[in-house]
Amino acid sequence: MAGGGEAIEAEYASDDWVAARLGVPARRGQGVAHFGGIRQQWLREAAKRWFRFRLSTGCAFLTVKGGTTALGRFSLFLTERHPSVCHPSGITRDLLVDHLSWMASSTWAISTRSNSLTNLKVFLDWGRRHGTFEGLPGDAVIYEEEVSRPADALPRFIPEFVMAQLESEANLARIPNSTTRHLVIVLMETGMRGGDACELAFSPIIEDSVGWPCLRFANSKVSVEQLIPLSAMAAKTVRAQQALVRASWPEGSPWLFPGILQNPAGTRPYAHSSISGQLGRWQKAIDVRDEAGQTVRVHAHQFRHTVGTRLINAGVPQHVIQKLLGHASPRMTARYAKPRKLHPTRAKAQVGWSGPFWSSDGDVLVHRP
């Protein structure tokens, strides 16, 4: 960030953190974190110290943005139930037990309650470990077993009857914008998260030791660089998109998928938030329906679930799928095993790519004919 130490300190002191001013990368449209929802000044300042620490350790700005909302719920609880608390010393174990009860009786979804309690738990643990919350009682703890976890849901894969309509060349050709069409194909073929795909570098393809094209990208969910093999369709689509970018921005763009509106210099990536609307209009235009003839609506993240389910049905080991999809733990990948072998006779034909697999030790990329 330009402006030196005083300027950046002023930014961190603000109640609205702008990622660009802090010199922190952030998704397009997700670059501002608001602390105004944390009503208590002492709690707000403590939250700023915590989130500044998290950014310094490589935490994604989007996580900080969500965390401010989570602590805002704890702030609301204090305002409603314990307005006299004005110092960390007031966060007693009894108060936290009351907070657990308050959260349990709320109308928020289990996932929202879980996220809020997890943020508060880690926030308090950090404050105690680093001595940043003076006077915080030693028993002011939320225990792991007290954080309700959402039940593992079945993967939201797209039925093959519907996928046949979405993968139809004629239907894909009806996506009016070529960049959007190429992005949709890449999502279908790779199972990437939409945000990661939108921020692919202009030249993301590298070839492995036997010449197979692979996609290299930053997996934002687990903050690692990832490599996945590409199907012939995906590789062809990436190269077509590169040609389109060269024609549209002769001076070049850092992005494989530059934003399609108000982006004359090609400096901004495709806005992840716009994918939903683009997909919705396209599906309406091609009149996507299920086997019962009912209109259906597919969301971009379901392509990821579909790739995972197809791989499971094709007999690909779970640890391999974990690597391909970039899951931090096998628990998430295990969700895809629940509908295993739903269509065993068609499974192999449904896999988007048929050549590359990781070897049984999970480390070496090999190829099968």
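Among the residues of region 12-56, count how many are under 30 Å from SER84 (Cα atoms) and of a type outside the set (S, T, N, Q). Full working, then the answer.
Kept after step one, since they are under 30 Å from SER84 (Cα atoms), are these residues of region 12-56: 12-17, 33-54.
Of the ones still in play, those that are also of a type outside the set (S, T, N, Q) are 12-13, 15-17, 33-39, 42-54.
Qualifying residue count, region 12-56: 25.
Only one of the numbered conditions (1) within 18 Å of GLU189 (Cα to Cα); (2) within 23 Å of the chain's Cα centre (by Cα) is not met by VAL316, and that is (2).
Could you go through region 196-204 and let me know if any residue there is outside the structural domain of ALA240 (by TED's automatic domain parsing) and either closer than 20 Å to LEU311 by Cα or of a type in the set (A, V, I, L, M) (or both).
As a first pass, look at region 196-204 and keep what is outside the structural domain of ALA240 (by TED's automatic domain parsing): none.
No, region 196-204 contains no residue that is outside the structural domain of ALA240 (by TED's automatic domain parsing) and either closer than 20 Å to LEU311 by Cα or of a type in the set (A, V, I, L, M) (or both).
Could you look through region 89-116, keep only residues that are among the polar types (S, T, N, Q) and part of a helix (DSSP H, G or I), and pick out the one that is farthest from the chain's Cα centre (by Cα)? Working first, answer last.
Step one: of region 89-116, the residues among the polar types (S, T, N, Q) are 89, 92, 101, 105-107, 111-112, 114-116.
Now drop any that are not part of a helix (DSSP H, G or I), which leaves 89, 101, 111-112, 114-116.
Working: SER89: 36, SER101: 30, SER111: 15, THR112: 16, SER114: 17, ASN115: 15, SER116: 17 Å.
Selected residue: SER89.
Here is a list: ARG21, ARG44, ARG28, ARG39. Which entry is among the charged types (D, E, K, R), within 25 Å of THR112 (Cβ to Cβ) and at pLDDT below 95? Spell out how you get there, then give the answer.
Details: ARG21 fails: within 25 Å of THR112 (Cβ to Cβ); ARG44 fails: at pLDDT below 95; ARG39 fails: at pLDDT below 95.
Of ARG21, ARG44, ARG28, ARG39, the one residue that is among the charged types (D, E, K, R), within 25 Å of THR112 (Cβ to Cβ) and at pLDDT below 95 is ARG28.
Out of THR118, THR107, I need the residue that is farther than 15 Å from VAL147 by Cβ and either in the same structural domain as TRP42 (by TED's automatic domain parsing) or not hydrophobic (A, V, I, L, M, F, W, C) (or both). Which one? Outline the logic, then answer.
On the way: THR118 fails: farther than 15 Å from VAL147 by Cβ.
When all the criteria are applied, what remains is THR107.
Say whether the condition of being under 30 Å from GLY31 (Cβ atoms), in the same structural domain as ASN313 (by TED's automatic domain parsing), in contact with a Leu (Cβ under 9 Å, 6 or more places away or on another chain) and not in a helix (DSSP H, G or I) is met by at least one residue in region 243-256. Yes - at least one qualifying residue is present in region 243-256. Inside region 143-176, residues that are within 26 Å of the chain's Cα centre (by Cα), modelled with pLDDT of 95 or more and assigned to a loop (DSSP other than H, G, I, E, B) make up a count of 1. ARG28 falls short on exactly one of the conditions (1) touching a residue at least 60 places away in the same chain (Cβ under 8 Å); (2) over 23 Å from ASP196 (Cβ atoms); (3) in a loop (DSSP other than H, G, I, E, B), and that condition is (2). Looking only at residues in region 257-283 that are of a type in the set (Ser, Thr, Tyr) and without any contact (Cβ under 8 Å) to a residue 24 or more places away in the chain, the one that is surrounded by the fewest Cβ atoms within 10 Å (Cβ to Cβ) is THR267.
Going by what's in this entry, would LEU215 be described as touching a residue at least 24 places away in the same chain (Cβ under 8 Å), touching a Pro at 6+ places or on another chain (Cβ under 7 Å) and assigned to a loop (DSSP other than H, G, I, E, B)?
Numbers: touching a residue at least 24 places away in the same chain (Cβ under 8 Å): yes; touching a Pro at 6+ places or on another chain (Cβ under 7 Å): yes; assigned to a loop (DSSP other than H, G, I, E, B): no.
No.
Looking across LEU43, LEU55, one residue alone is without any contact (Cβ under 8 Å) to a residue 60 or more places away in the chain, more than 28 Å from ALA271 (Cα to Cα) and either outside the structural domain of LYS221 (by TED's automatic domain parsing) or part of a loop (DSSP other than H, G, I, E, B) (or both). It is LEU43.
The values are calculated or read from the model by the stated rules, or taken from the named source; none is laboratory data. In this text, all values refer to a predicted model and were calculated from it rather than measured experimentally. FYI the Cβ positions are ideal-geometry reconstructions off the backbone, even for glycines, and counts take in every protein chain you see.
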